[in-house]
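Trainee: For reference, the structure I am asking about is given below.
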Amino acid sequence: MLQQTQVNTVLPYYSRWMERFPDVGSVAAASEEELLRHWEGLGYYARVRNIHTMAKILVEEFGGELPNDHRKVSDFPGIGPYTAGAIMSLAFGKDFPTVDGNVERLFSRLFNIKTPIKEKDAQVQVWKLARDLLPHGKARHFNQAMMDLGATVCLPRNPHCIECPLSNLCESCRLGVADQRPVRGAKKVVSPLEVAVGILLSDGKMIIQKRSPSGLMPHLWEFPGGKIQRGESPEKALVREFFEELELKICVLDKIATIRHNYTAFRVDLYAYYCRLEDDNQEPVLHGAVDFRWVTREELDQYAFPAANRKLIRLL
Ligand code: SF4
């Protein structure tokens, strides 16, 4: 849960998750739908699917226990070098390094690494340092100490060099360039996206559809709609999208709201409208989505939606 996500954001999710899924067996036995609901809003949904797959492998092949073996742990879906190193050193006390964002920042300052920190050369250098500096038999304490020092003293902005136990050894502090490390690469361009979505009402229910397993936010549910094309109004986009996606002819009614949401790689403006069927004798034919439901407002809470759709649901 903590990958790319701050501790404060994770805490309520973690508590709810552990209450419902206290062990590997309960994760393995749960449906993907239920796991997605508990994850909804955390983003990076591949993580929850990997956890599900891994829990099932652990139950079926390892008696529900993590194997004490770096190679086997590294082979599980979603386990990269950081998580594998953390499991081996923190859970099993074995001499494996691990490097999270805090350790990257700490080492880039201690050793004044000038290469942009996400570039391969810098990563090789940081991991080599983490391996070479590891005191034999003390990986559990050393790795946690490095991560905590980065998280609490060698802060991203305004590192507390005066109270740092490593200040005498710190090259970037000596040179007065600590605030310029780590060197960042070129900034990611956040592209804006304009999307129209429709709450299509019929007999007191509204239609939702399930996204395909490939592409962005796979298997989440959503209200039909899509990208507004250049020169198109949101209303026209909705009429077009409902026909393209579901072969439904609709009339666009009142506007509900414009909702802005920032995802990591893009920012979306969601133009939301109530809609009705042009005539009632139409059945949806799916193009792209893998399933659909007619649901009441109350039933929406049983499904996992992308964050921008969830903001819209709160307004309904
Ligand atoms: Fe970070 Fe300052 Fe300590 Fe260097 S001396 S590791 S910059 S807190």
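Trainee: Taking the stretch 175-201 as the search range and keeping residues that are assigned to a strand (DSSP E or B) and at pLDDT below 95, which one is surrounded by the most Cβ atoms within 10 Å (Cβ to Cβ)? If you could, list the steps in order and put the result at the bottom.
Mentor: Just the residues of the stretch 175-201 that are assigned to a strand (DSSP E or B), to begin with: 191-201.
Within this subset, residues satisfying the condition of being at pLDDT below 95 are 191-193.
Working: S191: 9, P192: 9, L193: 16.
Per the criteria, the residue is L193.
Trainee: To continue, here is another question. List the pairs whose first member sits in the stretch 224-239 and is of a type in the set (V, I, T), whose second member is part of a helix (DSSP H, G or I), and whose Cβ atoms are under 8 Å apart, counting only residues at least 6 apart or on separate chains?
Mentor: I228/P234; I228/A237
Trainee: Within the stretch 165-181, take every residue that is more than 34 Å from the chain's Cα centre (by Cα) and of a type in the set (G, A, S) and give me the one that is farthest from the ligand (Cβ to nearest atom).
Mentor: By that ranking, first place goes to G176.
Trainee: Which of the numbered conditions does H219 fail, given that it passes all the others? Conditions: (1) surrounded by 15 or more Cβ atoms within 10 Å (Cβ to Cβ); (2) in a strand (DSSP E or B).
Mentor: Of (1) surrounded by 15 or more Cβ atoms within 10 Å (Cβ to Cβ); (2) in a strand (DSSP E or B), only one is false for H219: (2).
Trainee: List the number of the failed condition for L90; all other conditions in (1) more than 10 Å from the ligand (Cβ to nearest atom); (2) part of a loop (DSSP other than H, G, I, E, B) hold.
Mentor: Unmet condition: (2).
Conditions tested, residue by residue: (1) in contact (Cβ under 8 Å) with a residue 40 or more places away in the chain; (2) crowded, with 19+ Cβ neighbours inside 10 Å; (3) on the phi > 0 side of the Ramachandran plot.
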site: I113; (1), (2), (3): yes, yes, no
site: E119; (1), (2), (3): yes, no, no
site: L133; (1), (2), (3): no, no, no
site: H136; (1), (2), (3): yes, no, no
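Trainee: Cβ-Cβ distance below 6 Å, separation of 6 or more or different chains: which pairs start in the stretch 273-287 with a residue that is under 15 Å from L253 (Cβ atoms) and end on one that is at pLDDT below 95 and assigned to a loop (DSSP other than H, G, I, E, B)?
Mentor: Listed pairs, sorted by first residue: none to list.
Trainee: Cβ-Cβ distance below 7 Å, separation of 6 or more or different chains: which pairs start in the stretch 245-257 with a residue that is in contact (Cβ under 8 Å) with a residue 12 or more places away in the chain and end on one that is in a helix (DSSP H, G or I) and of a type in the set (D, E, K, R)?
Mentor: Between residues of the stretch 245-257 that are in contact (Cβ under 8 Å) with a residue 12 or more places away in the chain and residues that are in a helix (DSSP H, G or I) and of a type in the set (D, E, K, R), the close pairs are V252/E235.
Trainee: Moving to a separate point now. With surrounded by 21 or more Cβ atoms within 10 Å (Cβ to Cβ), assigned to a helix (DSSP H, G or I) and in contact with a Gly (Cβ under 8 Å, 6 or more places away or on another chain) as the only criterion, which of L106, L58 stands out?
Mentor: The match here is L106.
Trainee: Which residue is nearest to S167 (Cα to Cα), if the candidates are limited to the stretch 102-130 and must be within 13 Å of the ligand (Cβ to nearest atom) and of a type outside the set (A, V, I, L, M, F, W, C)?
Mentor: In this case the residue turns out to be R109.
Trainee: Taking the stated definitions as given, is F223 farther than 26 Å from G41 by Cβ and not hydroxyl-bearing (S, T, Y)? Steps first, please.
Mentor: On the way: farther than 26 Å from G41 by Cβ: no; not hydroxyl-bearing (S, T, Y): yes.
No.
Trainee: So how many residues does the stretch 32-63 have that are small (G, A, S) and at pLDDT below 95?
Mentor: Residues flagged as small (G, A, S) and at pLDDT below 95 within the stretch 32-63 amount to 3.
Trainee: Next question. Could you give me the residue pairs with C-beta distances under 8 Å whose first residue belongs to the stretch 25-49 and is assigned to a loop (DSSP other than H, G, I, E, B), whose second residue is among the aromatic types (F, W, Y) wherever it lies, and which are 6+ apart or on separate chains?
Mentor: Short answer, once both residue conditions are applied: A30/F21; E40/F305; G41/Y13; L42/Y13; G43/Y263; Y45/W39.
Trainee: Scanning the stretch 138-164 for residues that are in a loop (DSSP other than H, G, I, E, B) and near the ligand (Cβ under 8 Å from one of its atoms), which turns out surrounded by the most Cβ atoms within 10 Å (Cβ to Cβ)?
Mentor: Looking at the filtered set, the residue picked out is C154.
Trainee: If K72 meets every condition in (1) free of Cβ contacts under 8 Å to residues at least 40 places away in the same chain; (2) in contact with a helix residue (DSSP H, G or I) (Cβ under 6 Å, 6 or more places away or on another chain); (3) away from the ligand (no atom under 16 Å from the Cβ); (4) over 23 Å from P218 (Cβ atoms) apart from one, which number is that one?
Mentor: (2)
The values are calculated or read from the model by the stated rules, or taken from the named source; none is laboratory data. Only a predicted model underlies this, so the values are computations on that prediction, with no experimental measurement involved. Neighbour counts are summed over all protein chains in view; Cβ atoms, including those assigned to glycine, are modelled from backbone coordinates with ideal geometry.
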